[in-house]
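These notes concern the structure reproduced below.
The values are calculated or read from the model by the stated rules, or taken from the named source; none is laboratory data. Note that this is a predicted model, so its numbers are computed, not measured. Because the Cβ atoms are built from the backbone with ideal geometry, glycine has one as well, and the counts that use them run over all protein chains shown. Quick note on the areas: whole protein, heavy atoms, side chains included, nothing else; ligands and nucleic acids left out. Shrake-Rupley method; radii C 1.70, N 1.55, O 1.52, S 1.80 Å.
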Amino acid sequence: MKAALRGGILGFADRLAVRFAVVLAAALLPLGVLSVIQTTNLQTEAVVRSEAALMGQTLHAAETELRALRFAEGLSAGLAQTIPAYIGDSARCAAVLDAVQKRERIFSVVAYIPRDGKMTCSSDGRVFDFSESVLFHEMISKAEPGFLVNRKGPITGRSIVGIWHPVFAEDGRFAGVISLSLPHSEL
């Protein structure tokens, strides 16, 4: 009888422990789910913040280069408005571009290239024929501003970033492009 009583009490205690464990697990399950969701959200937020920090550092590191490129875009747009008055007068055109290049020494060449590709107006007085250049034909194909990277610039032979802007004659027709050569060494 003692053994039966002992077996009944131990069996009841075992069942009570199992029931208690099941109730406790059921009570803690929502907390476990919430902690998994919060951990996932924190991991996502940490990744987003680290990406934003990296982007900020990248932009900060490239700030000088971006400023130079924005300046070049603005300068080329301004020259595109000025140069039409000098189309047909290569000497005066070259004098204007030479003055710009001397004032803004970061550019190796400042040039006006007409649609036919025969550059006769540049800051260094050089004459160059771009008519066979694939890059030149890409520049004039859309008649819109742009830039390109050329590891060996055709005039200087150095690696450059070329920035250009379309030039429209006083009658509104597309006349050519203003081209600025910015050596990579300046960036």
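Take the range 138-160 and flag every residue that is in contact (Cβ under 8 Å) with a residue 12 or more places away in the chain and more than 21 Å from the chain's Cα centre (by Cα). Within the range 138-160, ILE140, ALA143, GLY153, PRO154, ILE155, THR156, ARG158 meet the criteria.
Checked against (1) among the acidic types (Asp, Glu); (2) closer than 21 Å to GLU170 by Cβ; (3) touching a strand residue (DSSP E or B) at 6+ places or on another chain (Cβ under 8 Å), ASP124 meets all criteria but (2). Under 22 Å from PHE71 (Cα atoms) and touching a residue at least 40 places away in the same chain (Cβ under 8 Å) - does that describe any residue in the range 86-103? So far as the range 86-103 goes, no, none of its residues is under 22 Å from PHE71 (Cα atoms) and touching a residue at least 40 places away in the same chain (Cβ under 8 Å). With respect to the conditions (1) touching a Phe, Trp or Tyr at 6+ places or on another chain (Cβ under 8 Å); (2) open to solvent by 30 Å² or more (accessible area, probe 1.4 Å), ALA95 lacks only one, and its number is (1). Of the numbered criteria (1) part of a strand (DSSP E or B); (2) under 18 Å from ALA80 (Cβ atoms); (3) open to solvent by 30 Å² or more (accessible area, probe 1.4 Å), the one VAL149 fails is (2). Scanning the range 70-84 for residues that are surrounded by fewer than 16 Cβ atoms within 10 Å (Cβ to Cβ), over 23 Å from the mean Cα position of the chain (by Cα) and in contact (Cβ under 8 Å) with a residue 24 or more places away in the chain yields nothing.
Taken residue by residue, the range 38-58 has no member that is loosely packed, with under 10 Cβ neighbours inside 10 Å and at pLDDT 70 or above.
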